[in-house]
Amino acid sequence: MSLASTRAAMALAAALACAHAPSALAHHGWAWAEGEQTTLAGTVEQISMAPPHPTLRVKAADGELWQVDLGNPSQTQRSGFTAETTQVGAPIEILGNRSAEPGKPHMKAVRITVGGQHYDMYPERIKQP
């Protein structure tokens, strides 16, 4: 491979990485979520501990299915929440920030509560009374 070909390939790779960065950063940061925290109570429908961040699917009392993003894997682990913490069908309560997109049932968890036990993904974001 010539030097010109190598440079062209590197430039293409960099351009592709930059093109996808804004959506990845928006999703993994807080910019996509409302500033106000809210509580979601429901029933666990699905648990995924897979990277890039663990997620839950939670069915609210009104039947709407929510995607709940937890902290990154190390934050989730530090909180004490694991795949064995709860199970499908169990009641759960989430304190977090919902999507700023109207009508989108998606939120980022700050605290998960299962059986009265708190699992704080982002303790610094919990508003104290």
Practice task
Write out, first by first residue and then by second, each pair whose Cβ atoms fall under 9 Å of each other, whose residues are 6+ apart or on separate chains, and whose first residue, in the stretch 30-52, is touching a residue at least 60 places away in the same chain (Cβ under 8 Å) and surrounded by 12 or more Cβ atoms within 10 Å (Cβ to Cβ) while the second is part of a loop (DSSP other than H, G, I, E, B) and hydrophobic (A, V, I, L, M, F, W, C).
Solution key: W32/A100; A33/A100; E34/A100; Q37/I126
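Quick check on A109: is it under 16 Å from T43 (Cα atoms) and at pLDDT below 95?
Working: under 16 Å from T43 (Cα atoms): yes; at pLDDT below 95: no.
Here the answer is no, as A109 does not meet what is asked.
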Exercise for the section: Kindly list, by first and then second residue, each pair from a residue in the stretch 90-118 that is in contact (Cβ under 8 Å) with a residue 12 or more places away in the chain to a residue that is part of a loop (DSSP other than H, G, I, E, B) and among the acidic types (D, E), limited to pairs with Cβ atoms under 9 Å and residues at least 6 apart or on different chains. Expected result: N97/E34; N97/E36; R98/E34; R98/E36; S99/E34; A100/E34; P105/E64; M107/E34
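The values are calculated or read from the model by the stated rules, or taken from the named source; none is laboratory data. Just so we're clear, the structure is a prediction, and the values are computed from it rather than from any experiment. All Cβ positions, glycine included, derive from the backbone under ideal geometry; neighbour counts span all protein chains shown.
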